[in-house]
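Quick notes on the structure that follows.
The values are calculated or read from the model by the stated rules, or taken from the named source; none is laboratory data. Just so we're clear, the structure is a prediction, and the values are computed from it rather than from any experiment. Cβ atoms come from the backbone with ideal geometry, glycine included; neighbour counts cover every protein chain shown.
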Amino acid sequence: MAHLISPSLLSADFGNLQRDIEMINNSEADWFHLDIMDGMFVPNISYGTPVIKAVKKHAKKPLDVHLMIVDPDRYIDDFQKAGADILTVHYEVCKHLHRTVQNIKSKGMKAGVSLNPHTPVHLLQDIITDIDLVLIMSVNPGFGGQKFIPNALNKVKELKQLIKDTKSDALIEVDGGVDHTNAKQLIEAGSDILVAGSYIFGSDDPPKTIKNLKKIV
């Protein structure tokens, strides 16, 4: 499978959000990445279901929704109704992760699990065959524009081996500081999806930046 690009709307211009959505629609990007922050699990607040609904009205590609919130189980129905196609929760906040994953899937969404930089891959051993996606955080979550943590490459390699050993179908997504300096290494390590925010939206030509990330082999 060719790798996918999921631009993070956290770095979009919210004064011109429809314009940026149309840019992604017309680009070679594959998904829209939406970061939901509650100011509790991470030290920042972003946006909630009203923005997801607004994006869904115009988006022509799947909504890849990343919940950086405590007690995500309370909001699974809300995000499904808002239009999420993929819903990712954090390992660190789920007391009953298997139940959460099954609930997400029962609502017709793909289920993802995210790991913070300090959380080891082996903790997914018993659930890796039940999930559709693992999101490796290559920065500490909460803010865009942070510097890539190099150890993420080792985690991707370890996760890829776990997926092979268990015959899981889970995809590997990486989010945080992804740009032209590390994208090739991430793909070679086993990444299937690259999330990029400030690197895309802060560039002079976002569609070309997406195209360049997409054509890396």
Practice problem: State whether the residues of the stretch 127-139 include one that is in contact (Cβ under 8 Å) with a residue 60 or more places away in the chain, touching a Gly at 6+ places or on another chain (Cβ under 9 Å) and either closer than 22 Å to Val42 by Cβ or not small (Gly, Ala, Ser) (or both). | Solution: yes
Quiz item: Restricting the search to the stretch 173-195, which residues are crowded, with 21+ Cβ neighbours inside 10 Å, closer than 11 Å to Val134 by Cα and not polar (S, T, N, Q)?
Solution: Glu173, Val174, Asp175, Ile193
Quiz item: Name the residues in the stretch 85-98 that are without any contact (Cβ under 8 Å) to a residue 24 or more places away in the chain and either charged (D, E, K, R) or under 18 Å from Ala170 (Cβ atoms) (or both), would you?
Solution: Cys94, Lys95
Self-check item: Counted residues, the stretch 190-207 - those being of a type in the set (Gly, Ala, Ser) and part of a helix (DSSP H, G or I)
Solution: 1
Practice problem: Among the residues of the stretch 27-43, write down those that are in a loop (DSSP other than H, G, I, E, B) and at pLDDT 95 or above. | Solution: Ser27, Glu28, Ala29, Asp30, Trp31
Practice problem: Return the only residue of Ile210, Ile187, Ile172 being in a helix (DSSP H, G or I), farther than 13 Å from Ser8 by Cα, among the hydrophobic types (A, V, I, L, M, F, W, C) and touching a residue at least 12 places away in the same chain (Cβ under 8 Å). | Solution: Ile187
Practice problem: Would you check which residues across the stretch 54-84 are under 17 Å from Leu171 (Cα atoms) and either at pLDDT below 95 or in a strand (DSSP E or B) (or both) and list them? | Solution: Leu63, Asp64, Val65, His66
Exercise. Output the number of residues of the stretch 95-138 satisfying the condition of being assigned to a loop (DSSP other than H, G, I, E, B) and within 17 Å of the chain's Cα centre (by Cα).
Key: 7
Self-check item: Where a residue in the stretch 55-66 is over 16 Å from Val113 (Cα atoms) and its partner, wherever it lies, is of a type in the set (A, V, I, L, M) and surrounded by fewer than 18 Cβ atoms within 10 Å (Cβ to Cβ), with Cβ under 9 Å and at least six apart
Solution: Val55/Leu17; His58/Leu17
Quiz item: Looking at Val156, Val178, which is the one that is in contact with a Leu (Cβ under 7 Å, 6 or more places away or on another chain) and assigned to a loop (DSSP other than H, G, I, E, B)?
Solution: Val178
Practice problem: Working only within the stretch 1-20, note down all residues that are in a helix (DSSP H, G or I), in contact with a helix residue (DSSP H, G or I) (Cβ under 9 Å, 6 or more places away or on another chain) and surrounded by fewer than 22 Cβ atoms within 10 Å (Cβ to Cβ). | Solution: Ser11, Phe14, Leu17, Gln18
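Going through Leu115, Leu133 one at a time, which residue ends up being crowded, with 16+ Cβ neighbours inside 10 Å, at pLDDT 95 or above and either over 17 Å from Ser8 (Cα atoms) or not hydrophobic (A, V, I, L, M, F, W, C) (or both)?
It is Leu115.
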Practice problem: Search the stretch 12-30 for residues that are touching a residue at least 24 places away in the same chain (Cβ under 8 Å) and pair each with any residue that is acidic (Asp, Glu) and buried (at least 18 other Cβ atoms within 10 Å of the Cβ) when their beta-carbon atoms are under 8 Å apart and the residues are at least 6 apart or on different chains. | Solution: Ala12/Asp20; Asp13/Asp20
Quiz item: When residues of the stretch 31-42 are filtered for being without any contact (Cβ under 8 Å) to a residue 60 or more places away in the chain, buried (at least 19 other Cβ atoms within 10 Å of the Cβ) and aliphatic (A, V, I, L, M), how many remain?
Solution: 2
Quiz prompt | Looking only at the stretch 73-107, and only at residues there that are touching a strand residue (DSSP E or B) at 6+ places or on another chain (Cβ under 7 Å) and polar (S, T, N, Q), the one that is nearest to Val195 (Cα to Cα) | solution = Thr88
